[in-house]
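Colleague: Dumping the structure here so I can ask a few things about it.
Since every read-out is calculated from the coordinates, none of them should be taken as a lab result. Bear in mind the structure is a predicted one, so any value in this text is a computation, not a measurement. Methodologically, a virtual Cβ is constructed for each residue, glycine included, from the backbone with ideal geometry; neighbour enumeration extends over all protein chains shown.
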């Protein structure tokens, strides 16, 4: 999805942010192929395919500001689009964070993806949060990760809208709900203060009633 496909208010805001801030460092370029879906500075393409998860202690994988984090990753995607190193079948990108550290990133081809608390390798449709290792992980994070459960399902519709639904009872929040014009979040999410409706928090029986549009620009989901 290009910036031209976004609603005018979202595109203008995003372009203003990109113009006002530049990349602080250049990311190493790698081609995203059909065989390599998950990689990053913390995950070399070869190590993921071999099932070996090596994570060097690289402070370039650390962010302490949400806006800086978002801009860096948007710029990384734009750079790959400009130099032709991004597969044109890819429509989205998931960045897995623990506290301030990036531990993995996954590029999406299928229009529906599930992020849950499983420990299986990403197969293009389901991303298990507990599959990834992190030498900096503390006891609190380990305890929290064990509670993710069924997680969230994210889907892109035919109009390019990104929708989400909590699959279980785990509280899931969409960051940026207070700045709805920049993030294009639906009124339903705003009324619920960014929290997705879980199965345990409502008497609604139809799953479709719990599906909400979370963004056409970007989404940050917090467990």
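Colleague: Along each of the three principal axes of the Cα atoms of segment 59-122, give the extent in whole Å, ordering the values from largest to smallest.
Modeller: Cα extents, longest axis first: 31, 28, 17 Å.
Colleague: Moving on to the next point. Along Cα→Cβ, 7 Å out, is where each label goes; now give me the distance between the ones at residue 121 and residue 178 in nm to one decimal.
Modeller: So the two model labels end up 4.2 nm from each other.
Colleague: Ranking request for peptides 164-176, 135-147: highest mean number of other beta-carbon atoms within 10 Å first, then the rest in descending order.
Modeller: So the peptides 164-176, 135-147, ranked by packing, come out 164-176, 135-147.
Colleague: How many percent of all Cα-Cα pairs in segment 61-185 sit more than 20 Å apart?
Modeller: 52 percent
Colleague: On full extension of the chain, what length is gained from residue 159 through residue 87, given 0.36 nm per residue of separation minus the C-alpha to C-alpha distance?
Modeller: Fully extending the segment from residue 159 to residue 87 adds 23.9 nm.
Colleague: Calculate, in nm to one decimal, what residue 143 and residue 110 gain on full extension: separation in residues at 0.36 nm each, minus their alpha carbon distance.
Modeller: Stretched out fully, the residue 143 to residue 110 stretch lengthens by 8.8 nm.
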